[in-house]
Amino acid sequence: MTDFLAAAIQLTSTSEPEANFAVAEEQIELAVRRGAELVGLPENFAFIGDDQRRLEISDNLAEKCNNFLVTMARRYQVVLLGGGFPVPLGDGKRTLNRAELVGKDGQLLARYDKIHLFDVDLPDGNTYRESATITPGSLLPPVVDVPGLCRVGISICYDVRFPELYRHLVDEGAELLMIPAAFTAFTGKDHWQVLLQARAIENTAYVLAPAQTGLHYGRRQSHGHAMVIDPWGTVLADAGVQPGAAIAPLDTLHLKHIREQMPSLKHRQPDLF
């Protein structure tokens, strides 16, 4: 297959996992009805809430997330990315932040534990310390051949600020870069779209970026604007700021044409750096 529809789902997840699963399934079903064959859920799709609560429920929640992804992929016959959910380390103090890509038959295609953690003091007064309760992954992000579609590279949110990660994915053959996120409203307004377009342009690759949006709890607010971007950097679909989905066609022949037209990947000089 050279072209197919892909969907970047946009959610406003809360601290109630069952409600989040119900909303996520609704959006998956809507995307599949519109013809999507590959669907991405954002980071923290099953839970956004207090860190201590996340630690307390992580054991049960990790199992529920895995079961949910397998069930949804089989039920709707879609390739499905769960963009990030907590996986306990067993010490009661930390989790991993894990994304899983599941095939239409419910089989695990790829797994990635987020390696770059968001420890930032923002000018709006918000402070984020992911490393206080999350342990970074120790393995490079995977690239997987999704039969009948394309080669997919996986990352999570803050990773988007580290271009060397995406060079690795493209060196491994990625044609589509999946970047599920819960980008803050403050940083998102200035950085989200330009970073996504940069990753697409510099790697001449498609970008699928599922996103969180709106107010979750307290002062925790996400930027929204789930996007699909083509290898030229053109925004093909933007979900805006409401829950929903950005859906657009991905065409591997179009990607090949752009890489031939703008062969920057071939012009690299790695021996000089």
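Taken together, the values in this text are just the output of simple stated rules run on the coordinates, not laboratory data. Keep in mind it's a predicted model, so treat the numbers as computed, not measured. As a convention, Cβ positions derive from the backbone with ideal geometry for all residues, glycine included, and neighbour counts pool all protein chains shown.
Would you pull out the residues with amide H under 5 Å of Ala245's amide H, same chain only if 5 or more places away, H placed 1.01 Å from N? For Ala245, whose amide H was placed from the backbone, the distant partners under 5 Å are Gln10.
Would you work out the relative contact order for the chain, in percent, from Cα pairs under 8 angstrom that are 6 or more residues apart?
On the way: 665 pairs, mean separation 56.4, N = 273.
RCO, the chain: 21 percent.
Mind checking the angle between helix 252-261 and the chain's longest principal axis? C-alpha axes, 0 to 90 degrees, to the nearest 10. Around 60 degrees separate the two axes. Taking amide H as placed 1.01 Å from N in the peptide plane, the amide H of Gly84 sits under 5 Å from that of Asn44, Phe45, Glu100, each at least 5 places away or on another chain. Across the alpha-carbon atoms of the range 3-266, the computed radius of gyration and Dmax are 16.9, 52 angstrom. Cross-chain or 8 or more residues apart, Cα under 27 Å: how many lysine pairs in the range 3-266 fit that? Count them up, please. So the count of such lysine pairs works out to 8. Centroid-to-centroid, using Cα positions, the range 114-129 and the range 7-59 are 22 Å apart.
If you keep only loop residues by DSSP, which trypsin sites (Lys or Arg not before Pro) in the range 173-228 have at most 16 other Cβ atoms within 10 Å of their Cβ? Intermediate values should be presented prior to the final figure.
Numbers: sites: Lys189, Arg199, Arg219, Arg220; in loops: Arg219.
Filter output for the range 173-228: Arg219.
The angle separating the long axis of helix 185-203 from the principal Cα axis of greatest extent in the chain is about 30 degrees. This model, with +1 at the C-beta of Lys and Arg and -1 at the C-beta of Asp and Glu, gives the chain a dipole about its Cα centre of some 100 debye. The 3J(HN,Hα) values that the Karplus relation (6.51, -1.76, 1.60; θ = phi - 60°) gives for the range 220-230 are, in residue order, 7, 9, 10, 6, x, 6, 4, 9, 10, 10, 8 Hz. Gly and Pro appear as x. Compared with the alpha-carbon gap, the fully stretched path from Gln261 to Asp59 is longer by 67.8 nm at 0.36 nm per residue. Summarising the strand pairing of the chain, around 70 percent of its internal DSSP beta bridges are antiparallel. Remark: spin-label model distance Arg219-Arg33 equals 4.0 nm, labels positioned 7 Å along the Cα→Cβ axis.
Rounded to the nearest whole Hz, the Karplus-based 3J(HN,Hα) values (6.51 cos²θ - 1.76 cosθ + 1.60, θ = phi - 60°) of the range 206-219 follow the sequence 6, 10, 10, 10, x, 8, 8, 9, x, 8, 9, 6, x, 9, with x at glycine and proline.
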